[in-house]
1. Taking segment A:144-156, which residues are exposed (fewer than 13 other Cβ atoms within 10 Å of the Cβ) and farther than 14 Å from residue A:110 by Cβ?
2. What residue, of A:75, A:80, A:65, is more than 9 Å from every other protein chain (Cβ to nearest Cβ), over 19 Å from residue B:126 (Cβ atoms) and not aromatic (Phe, Trp, Tyr)?
3. Consider only pairs whose beta carbons are under 7 Å apart and that are at least six residues apart or on different chains; among these, list those whose first residue lies in segment B:19-41 and is under 10 Å from residue B:137 (Cα atoms) and within 11 Å of another protein chain (Cβ to nearest Cβ) and whose second residue is crowded, with 20+ Cβ neighbours inside 10 Å and of a type in the set (Gly, Ala, Ser).
4. Among the listed residues B:85, B:109, B:31, B:26, identify the single one that is farther than 22 Å from residue B:200 by Cβ and among the hydroxyl-bearing types (Ser, Thr, Tyr).
5. Within segment B:72-95, how many residues turn out to be buried (at least 16 other Cβ atoms within 10 Å of the Cβ) and within 16 Å of residue B:166 (Cα to Cα)?
6. Report yes if residue A:25 is farther than 13 Å from residue A:169 by Cβ, away from chain B (no Cβ under 12 Å) and not in a helix (DSSP H, G or I), otherwise no.
7. Among the residues of segment A:191-213, count how many are touching a residue at least 24 places away in the same chain (Cβ under 8 Å) and either crowded, with 19+ Cβ neighbours inside 10 Å or of a type in the set (D, E, K, R) (or both).
8. Would you check if residue A:179 is within 24 Å of residue A:211 (Cα to Cα), in a loop (DSSP other than H, G, I, E, B) and at pLDDT below 90?
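The values are calculated or read from the model by the stated rules, or taken from the named source; none is laboratory data. From a predicted model like this one, the values you see are computed outputs, not experimental measurements. All Cβ positions, glycine included, derive from the backbone under ideal geometry; neighbour counts span all protein chains shown.
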Amino acid sequence: MATSSEYIVRTKDLVKIYTMGSTELRALNGVSVDIKRGEYLSLMGPSGSGKSTLFNAIGGLDKPDEGSVFINEVDIAQLDAAELAYLRCRQIGYIFQTFNLIPVMTALENVTLPMIFAGVPSDEGVERGMKLLDTVGLGHRYHHKPTELSGGQQQRVAIARSLANDPAIILADEPTGNLDQRTGTEIIDLLRKMNEDHGVTIISATHDPKMLSVSDRVVHIRDGIVERIDLREDLDITIGGIEEHH
Amino acid sequence: MQQTYQNKSFTGQERILELPLKKAFSIALQSIRVRFWRSMVTAAGILLGIAFLATILIRARMDAAGIAQGLLPKPDPEAMAAATSRNTWLVAMSLIVVTVGIANSMLMSVTERFKEIGTMKCLGALDAFVRRLFMLEAGFLGVIASSLGWLVGTLIMVIAGGFSKGWPVVGAVGIMGYLETFVWCVVIGTVLTLAATFFPAQKAASMPPVMALRSEI
């Protein structure tokens, strides 16, 4: 058990092929990544690099054509629909570029929704939901609908929602893509804080350079393969190097 | 490792399936309320179809009760049979049109909510839960709209029958007679609404979450 707990997510030779008419596009062409428990990992790459495809495969949202994804050493291809739902509900929290709050529900109802799916009693859910909203600094706006909140506030609610069932992993797909610079930085800092306080593993698909400075590792994806992996130590040096040139 | 995980997930699944009926109720009600006018258009279709059914049913009862109590002259049996089959045909046609209309607006409602459904599935909603949300919503609409439809149809027929056949005939149907048509109308209206919603709901429920997230409408 102890030996298996070092890596929370492992992918092995992932291949995903999209056929468009007669042409075959290999969106993923043999990607193997090992992600450590408690790590803050960024997936970087231009659009069309296969970054989102990898992201969806890790999240169990899309099935790869070849290869396997292991979460907690469980091959998720072996799970049936209910077990996958369970995995998404308890083990993974999702954050989206477009926030994806349920428009008809208040902030609190959005945060407690995953708890309902997990069978958490209503009172306990509300209590935990309020605590999470407080953590992201929106405790006072719990009764507001998403349309009454700014983009940054909606993303904060989404972060609170992603933590609802105390997941081991948070998957964030371009979490700052629809936000301005300053709000984006706030969201990144909040994610980093959650990573440090809750020990939750954060995997973020992004092309926001602000993400670089908080990530433990950055995996660069290009043309469906891992181009290179940067460690934070190396990154600091590289960023320093770039600044020297200016 | 794998064993413990799967056991855990199995118990988790049981809990997931069990609880949210009450919550599903309130979510379904909420989504009718929020899309009030859309819901009303769907409901109007059901209402009109059922109102028509109610007028036909009640007129048949008025005729039967009126003849039995000697308030109306005995009609020619052949003409009566022809009228009955014509009415059956008309009612069947109108109900088919209503059903297709409901299926259409439910499909639209599903398409409109692709993103919402995908999000819910990412958060751990089972297919059954998504299906249940849509079926519950349809159930509410069906019951409410067919009840109102019965009311409208009955009022129209009572007034029309009162003037053309005489008020004693209206009374001859009796409370039980009206109640029976009410039950028929609500049952038929609700069953048709649920039937029309089944395939759209199935489509929504079986969508892989990534599909739902990709669609940007």
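1. Kept after step one, since they are exposed (fewer than 13 other Cβ atoms within 10 Å of the Cβ), are these residues of segment A:144-156: A:147-148, A:150.
Of everything in segment A:144-156, just one residue is exposed (fewer than 13 other Cβ atoms within 10 Å of the Cβ) and farther than 14 Å from residue A:110 by Cβ, namely A:150.
2. Values: A:75 fails: more than 9 Å from every other protein chain (Cβ to nearest Cβ); A:80 fails: over 19 Å from residue B:126 (Cβ atoms).
When all the criteria are applied, what remains is A:65.
3. Close Cβ pairs (under 7 Å, with a partner that is crowded, with 20+ Cβ neighbours inside 10 Å and of a type in the set (Gly, Ala, Ser)) amount to B:32/B:39.
4. Values: B:109 fails: farther than 22 Å from residue B:200 by Cβ; B:31 fails: farther than 22 Å from residue B:200 by Cβ; B:26 fails: farther than 22 Å from residue B:200 by Cβ.
Criteria check complete, one pass: B:85.
5. 1
6. Values: farther than 13 Å from residue A:169 by Cβ: yes; away from chain B (no Cβ under 12 Å): yes; not in a helix (DSSP H, G or I): yes.
Criteria met by residue A:25.
7. Residues of segment A:191-213 that are touching a residue at least 24 places away in the same chain (Cβ under 8 Å), as a first pass: A:191-192, A:194-195, A:198-208, A:210-213.
If we keep only those that are either crowded, with 19+ Cβ neighbours inside 10 Å or of a type in the set (D, E, K, R) (or both) too, we end up with A:191-192, A:194-195, A:200-206, A:208, A:210-211.
Summing the residues that are touching a residue at least 24 places away in the same chain (Cβ under 8 Å) and either crowded, with 19+ Cβ neighbours inside 10 Å or of a type in the set (D, E, K, R) (or both) in segment A:191-213 gives 14.
8. Numbers: within 24 Å of residue A:211 (Cα to Cα): yes; in a loop (DSSP other than H, G, I, E, B): yes; at pLDDT below 90: yes.
In short, yes.
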